[in-house]
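> Okay, handing you the structure first.
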Amino acid sequence: MNFKLYTIYVLLVLAVTAFADEPLRHQEVIITANPIAADEIDTDFQTGHVTVINKNQFDAGSTNVAEVLKKESGIQIRSIGGLGTYSSISMRGSTSSQVNIYLDGMLVNEALGGGVDLSQFLLGNIQRIEVYRGNSPVQLGYSGIGGAINIVTNNSVSDKVYGELSHRVGSFETQKTSVSFGDQINTTNYSASFEILESDNDFQLTNINKTPDDINDDFSDRRNNGELRHYNMFVNVNSSLSHDSKFMFSGQFFDKDQELPDQNNTQFNTAKLSTDYANFNLKYDHWFKSGLSSSFKYFYSEKNSLYDDRKGTLGVEENLEATENISFGITSQISYNIRNHFFNINLDSKKENYTIDNYKSGVRSSYDRLQFSLGIQDEWISQTTELMLTMSARVLSTEDAIKLSNKEITSTSSTFHTGLSYQLDRDWLYKMNLSSDIRSPSLSEKFGDQGYTTGNPDLVDEEAINFDAGFQYKNNNFKATGMYFYRDLVNAILMIFNSRGIGEANNISKARVMGVELDVSYALNDAVFLSNRLTLQDSQELSDSRQFGEGRSLPGISTFDNFFSIGLKENDVTFTIEYEHKSGGFYDSKNIRAIKDLNQINLNTLFSFPKLNSSLELVVQNLGGQEKEEFNGFKVKGVSAFAEYKVYF
């Protein structure tokens, strides 16, 4: 679609609706007694498929965000296996770099890596996780091709001291201790949390002895070099300065030491990655009497990593490399209610510096990325509140500087989105969205080398057209959402893995992904409830190159995913059984290495003790003991069991 024509269309619609003479009969849908901040998103009023996962839905079998999200429709988590190991996300067949990850509305994706390791976000300080499939609201800044995940930390308001203390033990010498608390002093609320997660990850597996086609020399082995140590701390302070202004500060620090197993479970492998990360955000909200509100943020983050593969068991060659990534910026947001419109303007500015010290070669490389983005969005609700239209446009300017060669690369891109939701009757809601999206290659996709992936300096921007449409049904205790999605890609950037499990980013000329998502939940009564989350998707490369081949499936995308659970509650005991299925797809671009089918059963029992203000949760994962394969064939543990005891005060 021609972007200029689309812009003219948007302006015409805004002009007609903004100056309509007839008053809005249900204006309270938009304007409430408690105004929201300019950057706050009302997840109930979105034209796309949005899921909100609250803290009380996290179970003892989940230690980080990746393990929570893997149960959702349209989402695949790609991990190298084991607790706390590197875990990236694919949404509707996307790559991890195409999905934007936000922490309290601040973009976490780095110019360095693009994709985000979701295992770094432990759950102790997280209040909820918002999943935006397809297009994301303009309040989150620039839109990703594959959608967005917004991780919202704990900023609860309470007039008394509250807290939670938990301890978890389980298989493979796993231990997790977490403490969180909060209080209010006058008009200031504060909360803090601290977590420690440790695991040996030394589970049993079948060693194929470097001969995948010969099962006669396979033998039972124990996972080598998979130990994990992860420490996380978080603090949040928010204060009402007056009836129309509010200030917030949040800060996070984590330290993660992770041994890196190789695909062949080599006994002399000693590769490891050590990472420490710190960030803080300052935010000021102000509300005006005219219906105008504003939010201003300043953010700063620093990430330091040391990658040690001096024996060369993972990467293309021996490597000892330190990286530093410093990011800071300012975000300004304004929202305005006028009649039946809700306008939002978002202006982002962000500066990143990425430095690599290669101790083996003695070379120090440094890269800078400066980005500015402007987004404008209008949400309009009809007078009867049956119809909602969303229109948005974004512009992104990027400047990359490669200091070693004194080279600068600049680019400007623009995207659009339009969506609608229509209430057909009391129970049925129809939704439809269309957007155009662009993503520039990350610095690591161009120049990086950290074991599992290597860079490709010849990459160009990838472009996509996203479309989805579907229905939502609600009736008493039954709820169902079904969505069809389609993505057309040009110059798609895909990570292509070789026989050693090492990936390199490459552009393919054209590709498409299409599929169906179905979420169903039903409460038979107060004691019995069930849910099912299903994803069917098909991908196809439309290029004619020898490396990719027209008609082949895109690598790393399974075709059928299903997660079913049924829960039974009797007094203070809740018993849940889960069934997870995954099948279809290939690891490689030539469609030779098929993804192994997964059929897994999990059991969960929660004992609540109201008089003791405590609970005990028991979890058994993979009850059948099936040896699984994670992304690119990495072996994963069989049966595992965990117990977690929580005390509330």
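The values are calculated or read from the model by the stated rules, or taken from the named source; none is laboratory data. Source: prediction; values computed, not measured. Here the Cβ is made from the backbone with ideal geometry for all residues, glycine too, and neighbour counts use every protein chain on show. In case anyone asks, the SASA skips ligands and DNA or RNA and just uses the protein heavy atoms, side chains included. Shrake-Rupley method; radii C 1.70, N 1.55, O 1.52, S 1.80 Å.
> Which ³J(HN,Hα) values in Hz, rounded to whole numbers, follow from the phi angles of the range 617-623 under the Karplus curve 6.51 cos²θ - 1.76 cosθ + 1.60, where θ = phi - 60° and Gly and Pro get x?
Working through the residues one at a time gives 10, 10, 10, 10, 9, 6, 4 Hz.
> If you line up the Cα atoms of the range 182-312 on their principal axes, what length do they span on each, largest first, in Å?
Dimensions of the range 182-312 along the principal axes of its Cα atoms: 76, 28, 27 Å.
> Dipole of the chain, Cα-centred, from +1 at each Lys and Arg C-beta and -1 at each Asp and Glu C-beta, to the nearest 20 debye?
540
> Among Val573, Asn604, Val636, which residue has its Cα positioned farthest towards the positive end of the charge dipole of the range 572-649, with +1 placed on the Cβ of Lys and Arg, -1 on the Cβ of Asp and Glu, and the dipole taken about the Cα centre?
Val636
> How would you rank 216-229, 134-147, 461-474, highest first, on the average number of other Cβ atoms within 10 Å across their residues? Write down the numbers at each step before the final one.
On the way: 216-229: 15.6, 134-147: 27.3, 461-474: 18.4.
By packing density, highest mean first, the sequence is 134-147, 461-474, 216-229.
> Ok, one more. At 25 °C and 0.890 mPa s, grab the translational diffusion coefficient of the range 62-206 from Stokes-Einstein with a Kirkwood Rh over Cα pairs, rounded to a whole number in µm² per second.
Here the translational diffusion coefficient equals 147 µm²/s.
> Treat every Asp and Glu Cβ in the range 156-283 as -1 and every Lys and Arg Cβ as +1, leave all other atoms uncharged, and give the resulting dipole magnitude about the Cα centre to the nearest 20 debye.
It comes to approximately 680 debye.
> Sticking with this structure for a sec: When each pair of different Cα atoms in the chain is counted once in the 1/r mean, what is the Kirkwood radius in angstroms, to one decimal?
25.9
> What shape does the range 136-249 have by the C-alpha gyration tensor, where a ≥ b ≥ c are the square roots of the eigenvalues, rounded means a/c under 1.5, and otherwise prolate means a/b greater than b/c and oblate the rest?
Oblate shape, in that a/c is at least 1.5 and b/c is the bigger or equal ratio.
> Taking 8 Å as the Cα distance limit and 6 or more residues as the minimum spacing, I'd like the relative contact order of the range 46-204 as a percentage.
This gives 20 percent for the range 46-204.
> Counting heavy atoms of the protein chains only and a 1.4 Å probe, report the per residue accessible area for the chain as a whole number of Å².
44
> Let me ask something else about it. In percent, how large is the relative contact order of the range 70-127, given Cα pairs closer than 8 Å and 6 or more residues apart? Each step should come with its number before you reach the end.
Values: 75 pairs, mean separation 15.6, N = 58.
About 27 percent, as a whole number.
> For the chain, build the charge dipole from Cβ charges (+1 Lys, Arg; -1 Asp, Glu) around the Cα centre, then report which of Leu273, Met233, Thr153 sits farthest towards its positive end.
In the chain, that residue is Thr153.
> Can you give me the Rg/Rh ratio for the range 168-207, using Cα atoms for both radii and the Kirkwood formula for Rh?
With Rg and the Kirkwood Rh in hand, the quotient comes to 1.36.
> Which length gain, in nm to one decimal place, applies between Glu302 and Leu387 when the Cα-Cα distance is subtracted from 0.36 nm times their residue separation?
26.2 nm
> Under 5 Å between amide H atoms, partner at least 5 residues away or on a different chain: which partners does Gly141 have, H built in plane at 1.01 Å?
none
> Give the carbon-plus-sulfur fraction of the accessible surface of the range 78-177 in %, rounded to a whole number; probe 1.4 Å, heavy atoms of protein chains only.
51
> Can you spot the lysines whose alpha carbon is less than 26 Å from Lys431's alpha carbon? Ignore those fewer than 8 places along the same chain.
The qualifying lysines are Lys4, Lys70, Lys71, Lys474, Lys479.
> OK, next. Counting only C-alpha contacts under 8 Å and six or more residues apart, can you give the relative contact order of the range 573-642 as a whole percent? Write down the numbers at each step before the final one.
Details: 133 pairs, mean separation 18.6, N = 70.
The normalised contact order for the range 573-642 reaches 27 percent.
> With each pseudo-label sitting 7 Å past Cα toward Cβ, what's the Leu568-Tyr359 distance in nm, one decimal?
Label at Leu568, label at Tyr359, 5.7 nm between them.
> Rank by packing, highest mean first: peptides 63-70, 415-422, with packing defined as the count of other Cβ atoms within 10 Å averaged across residues.
On the way: 63-70: 23.1, 415-422: 20.8.
Going by the mean number of other Cβ atoms within 10 Å, highest first, we get 63-70, 415-422.
> Peptides 426-439, 89-102: what's the order by average Cβ count within 10 Å, highest mean first? Numbers along the way, then the final one.
Values: 426-439: 19.1, 89-102: 25.6.
Going from most to least packed, we get 89-102, 426-439.
> So between Tyr336 and Leu292, what do we pick up on full extension, going 0.36 nm a residue minus the alpha carbon distance?
Value of the extension gain: 15.4 nm.
> Which entries of Lys297/Lys646; Lys256/Lys407; Lys350/Lys407; Lys55/Lys297; Lys256/Lys510 show an alpha-carbon separation above 29 angstrom in the structure shown?
Over 29 Å Cα-Cα: Lys297/Lys646; Lys256/Lys407; Lys256/Lys510.
> Would you please classify the overall shape of the range 552-649 from the alpha carbon gyration tensor, given that a ≥ b ≥ c denote the square roots of the eigenvalues, rounded means a/c under 1.5, and beyond that prolate means a/b larger than b/c while oblate covers the rest?
prolate
> Taking Cα centroids, how far is the range 316-383 from the range 464-487 in Å?
30
> Cα convex hull of the range 320-401: mean projected area in nm², to one decimal? All intermediate terms of the calculation are to be shown ahead of the outcome.
On the way: hull surface 29.8 nm².
Result: 7.5 nm².
> Of the accessible area of the range 531-649, with the probe set at 1.4 angstrom, what percent is carbon plus sulfur?
Ligands and nucleic acids excluded, carbon and sulfur give 58 percent.
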